[in-house]
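The values are calculated or read from the model by the stated rules, or taken from the named source; none is laboratory data. None of the values given here were measured: they were computed from a predicted structure. All Cβ positions, glycine included, derive from the backbone under ideal geometry; neighbour counts span all protein chains shown. SASA here: full protein model, heavy atoms, side chains in, ligands and nucleic acids out. Shrake-Rupley method; radii C 1.70, N 1.55, O 1.52, S 1.80 Å.
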Amino acid sequence: MCALRSTRALHESWSVRALTGTQVTAPVPATVPGCVHTDLLAAGLIPDPYQDDNEHALHWIGRTDWAYETRFDWSDEGAPRVDLSCAGLDTVATVLVNGVVVGRTENMHRSYRFDVGALLTAGANTLRVEFASAYGYAEAMRARLGDRPHASVADSYHFIRKMACNFGWDWGPTVVTAGIWRPIALESWSVARLAEVRPRVTVDDGTGRVRVEVEVEVERHGDAPLTVTASVCGVTASAVIPAGERRATLESTVADAPLWWPRGYGEQHLHPLTVTLATSDGETLDSWRRRIGFRSVRLDTTPDTYGTPHTLYVNEVPVFVRGFNWIPDDAFVTRVDRDRYARRLAQACEANANYLRVWGGGIYESGDFYDLADELGLLVGQDFLFACAAYPEEEPFAAEVAAEARENVVRLASHPSLVGWTGNNENIWGYHDWGWQPQLEGRSWGAEYYFALLPAIVAELDPTRPYWPGSPWSGSHDRHPNDPAHGTTHEWAVWNRIDYAHYRDYVPRFASEFGFQAPPAYATLRRWLADEPLAPDSPGMRHHQKAPDGDAKLRRGLEAHLPAPRDFDDWHYLTQLNQARAVTVAVEHYRSHRPVCMGAIVWQLNDDWPATSWAAVDSEERRKPLWYALRRAFADRLLTVQPRDGRLAVVAVNEAPTAWSGELRVVRHGFDGARHATHAVDVTVAARSAVTVLVPEAVAMPGDRDAELLRASLGDVHASWFFREDKDIRYPEPEFTTRVAPVAGGYTVTVTAQTILRDLTLFPDRLDPAAYVDDALVTLLPGESVTLTVYSDQSLPAAALTSHPVLRCVADRPAITTLP
């Protein structure tokens, strides 16, 4: 008999069939891990739910019961214990081995283990997992516990522990899935196994010495004494777990070990930690290995003259958070593998972000996500999975919440990138501000989770990380939960009701959600929509706009700032431009008020299907203009022109580790390029700080508001300010020349302006869906040039690359001169 734990994956030879309904009458080959939608799609039994409005015709899938089944051979290996390990079952499942029920589940967000050794036979065995409709479960739970309000377009999702956005959201489709969504395996073991390993790292920021405590819990099959050993950085600690006991704590001290830092602050040093479980005579039973990082993290919420800060410190250095909210990267989450995570997190880094907030309506992501964040230095804030609803606190819900929270806190504790836990998304705000209390009539809504259960679990299992009850949350029941002067703030009045200039109405201490919509890339629309012609209100466009009154809000945003679109091409470019401008106004305003404001987390980085949404990167991985705008607005060194008490000021923000010095020049130009007034002053901006310079009135006051702008420069960083909205400006008809040259991997496109060209942008995906460009939203004055690089392996005609609608600026017309 081999004492070492062994694992046999059960991912082959699966089939799925419907247990109710008549749409699928025979077994269909199934992929595990996977889900029923993707299995039916692979079998050619359903159209793609993302195409046109197919989603509507496929809602029956979520109301059907399904059975997954496989056969496997087994030989008795002599291990006294064999467990069926289910890392993720979605969601209401009955598990049967050789026809015998071994367990039932009702939580997508946790794992399950069942002792099946006595049921296995030599030779052929059958494993079957039956999934009841998530709708049926949630609706029955709602009927039993009493309805509770919610603010989403979805319904009943808050009565089941399942990914909330499966039920639809204001950016996502309704695809209520079922299936074995994470690995499933047989695990054979003897004597004991490692049930939990939980490293806890503390750093003495004065001496640099690191203390590593490893909490170990074992599961036993017998009462013999055990030895557990932990090794990291050449330091080994051991402990004996006496007969009948299950826990041990191993402590090590590491001197002079390099720390883990967020990106932009230092290196991401990771150190292998190995934990081994053995018998008293040295026979290895089980082992666990992860890379951990040495760093301290705390949240400063000490009241000050401005209110209550929400400042994240890593290794006792305050970090201005520049980040994105993260949603599941596909509505069918099993299609997101490590390579896809790597591409998406790289896009966040390339946009100069240092933080991702994992939103509470999705999932606790796979280990690959957090491993990559560790490697890249991306900080992660993790919501517990509650979003935009009043949640019941009765059983069995409460027990499932506790088990889910405990498991995921332990699972993620080893990751240095994870720097905080948040109790929920918008639920405290909803309870106080959205008319929920009369609807609840005294019923529970989740407060016990956010203010008692979850903080207690974090304090017990992960005490080195901060916990915050909600996003938003002001830090006190005596204040409005979304008070911008205290704690974290969500700003949605701009998108929903008022112009984006109102982002400047107040200074939040930490803005954890704000955003503005735009359609995805043109190539993405053309792949997924059959509309002919495409129009803002064509059937496919309407179906892929999930936000209530979303198109009206887009139209309102355009009307305040930009010329009226003449056709769909105009509408597409101008709405994408308006999204970029709106979010840039917010980010630059927030950053200009550093250190009063110490965080700006944009809603959102990514999409889970092709949609008009708030994303910077669409579901086909194409960058919207917003992504390019944020790359500038999130840069370590930012120059921005801001209104200050009736005047204009230039704010230089420096998040780099060294001082930023030079001559700050502010020039008032005419649209013809002429310089009408100049102000120059030497400035030094210390590391991690900001400096504000008021612009003299002689420079800031235009002679002709319709034909002048301000430009500020400090070294190679620039900013501009226009005195009128584009819709009110009499731009000259654009004139420019272009030159296209082939280069390795694509082309360079050089544009030389003969008139002012504002927000010049090239859209090569209109010619080659795989093509992309290195920069966007460039403003040129007469005589100035920019060279853009287009990456494509296709032959792209120069005339098409430099013609409308591929090459755009705010006031463009089709007439363009192209040099040979």
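A few notes on this one:
- Boolean, residue 526 is open to solvent by 10 Å² or more (accessible area, probe 1.4 Å), of a type in the set (Lys, Arg), within 24 Å of residue 173 (Cβ to Cβ) and part of a helix (DSSP H, G or I): yes
- Filtered residue count, segment 675-693, keeping only those that are surrounded by 13 or more Cβ atoms within 10 Å (Cβ to Cβ) and closer than 24 Å to residue 730 by Cβ: 2
- When the test is whether a residue is surrounded by fewer than 17 Cβ atoms within 10 Å (Cβ to Cβ), over 30 Å from residue 424 (Cβ atoms) and at pLDDT 95 or above, residue 210 does not pass it.
- Top-ranked residue of segment 283-298 - restricted to ones that are among the small types (Gly, Ala, Ser) and within 25 Å of residue 208 (Cβ to Cβ), ranked as surrounded by the fewest Cβ atoms within 10 Å (Cβ to Cβ): 296
- Neighbours by Cβ (under 9 Å, 6+ apart or cross-chain): first from segment 339-354, under 18 Å from residue 512 (Cα atoms); second among the hydroxyl-bearing types (Ser, Thr, Tyr) and in a helix (DSSP H, G or I): 351/628
- Residue that is farthest from residue 491 (Cα to Cα), among those in segment 566-607 that are of a type in the set (Asp, Glu) and open to solvent by less than 10 Å² (accessible area, probe 1.4 Å): 570
- So residue 93, is it in contact with a strand residue (DSSP E or B) (Cβ under 8 Å, 6 or more places away or on another chain), over 22 Å from residue 163 (Cα atoms) and small (Gly, Ala, Ser): no
- Scanning segment 775-791 for residues that are part of a strand (DSSP E or B) and either touching an Asp or Glu at 6+ places or on another chain (Cβ under 9 Å) or free of Cβ contacts under 8 Å to residues at least 40 places away in the same chain (or both) turns up 778, 779, 785, 786, 787, 788, 789, 790, 791.
- Counted residues, segment 284-325 - those being part of a strand (DSSP E or B), among the aromatic types (Phe, Trp, Tyr) and within 24 Å of the chain's Cα centre (by Cα): 2
- Residue count for segment 47-82, restricted to those that are part of a helix (DSSP H, G or I) and open to solvent by 10 Å² or more (accessible area, probe 1.4 Å): 6
- Of all the residues in segment 368-406, those that are free of Cβ contacts under 8 Å to residues at least 40 places away in the same chain and either open to solvent by 10 Å² or more (accessible area, probe 1.4 Å) or at positive phi (or both) number 4.
- Of all residues in segment 675-700, exactly one satisfies the criterion of being assigned to a loop (DSSP other than H, G, I, E, B) and touching a Leu at 6+ places or on another chain (Cβ under 9 Å), namely 695.
- Segment 245-266: number of residues that are more than 30 Å from residue 659 (Cβ to Cβ) and either open to solvent by less than 50 Å² (accessible area, probe 1.4 Å) or in contact with a strand residue (DSSP E or B) (Cβ under 6 Å, 6 or more places away or on another chain) (or both): 9
- With a requirement of 1 or more residues that are crowded, with 16+ Cβ neighbours inside 10 Å and in contact with a Cys (Cβ under 8 Å, 6 or more places away or on another chain), the helices (runs of 4 or more DSSP H) lying completely within segment 417-506 that satisfy it span 427-433.
- Matching residues in segment 144-184 - criterion: being over 14 Å from residue 389 (Cβ atoms) and assigned to a loop (DSSP other than H, G, I, E, B): 171, 172, 173, 175, 176, 177, 178, 181, 182, 183
- Residues of segment 112-165 satisfying the condition of being out of contact with any Leu (no Cβ under 9 Å at 6 or more places or on another chain), farther than 30 Å from residue 189 by Cβ, open to solvent by 30 Å² or more (accessible area, probe 1.4 Å) and among the hydrophobic types (A, V, I, L, M, F, W, C): 140, 143, 151, 153
- Hey, residue 39 crowded, with 20+ Cβ neighbours inside 10 Å, touching a strand residue (DSSP E or B) at 6+ places or on another chain (Cβ under 9 Å) and in contact (Cβ under 8 Å) with a residue 60 or more places away in the chain or not: yes
- Unmet requirement for residue 584, which otherwise passes all of (1) over 21 Å from residue 170 (Cα atoms); (2) among the polar types (S, T, N, Q); (3) part of a strand (DSSP E or B): (3)
- Subset of segment 766-793 (residues that are charged (D, E, K, R), within 31 Å of the chain's Cα centre (by Cα) and open to solvent by 20 Å² or more (accessible area, probe 1.4 Å)): 766, 774, 775, 793
- Among the conditions (1) closer than 26 Å to residue 470 by Cα; (2) open to solvent by less than 10 Å² (accessible area, probe 1.4 Å); (3) touching a Phe, Trp or Tyr at 6+ places or on another chain (Cβ under 8 Å); (4) not aliphatic (A, V, I, L, M), residue 540 misses just one, which is (1).
- Checked against the criterion of being within 19 Å of residue 528 (Cβ to Cβ), among the hydrophobic types (A, V, I, L, M, F, W, C) and in a loop (DSSP other than H, G, I, E, B), segment 10-30 contains not a single residue that satisfies it.
- Within segment 694-730, the set of residues being surrounded by 18 or more Cβ atoms within 10 Å (Cβ to Cβ) and among the acidic types (Asp, Glu) comprises 708, 726.
- Residue within segment 221-234 that is at pLDDT 95 or above, farther than 30 Å from residue 657 by Cβ and either exposed (fewer than 15 other Cβ atoms within 10 Å of the Cβ) or in contact with a helix residue (DSSP H, G or I) (Cβ under 8 Å, 6 or more places away or on another chain) (or both) present: yes
- Residues that are part of a strand (DSSP E or B) and in contact (Cβ under 8 Å) with a residue 40 or more places away in the chain, drawn from segment 262-283: 268, 272, 273, 274, 275, 276, 277, 278, 279
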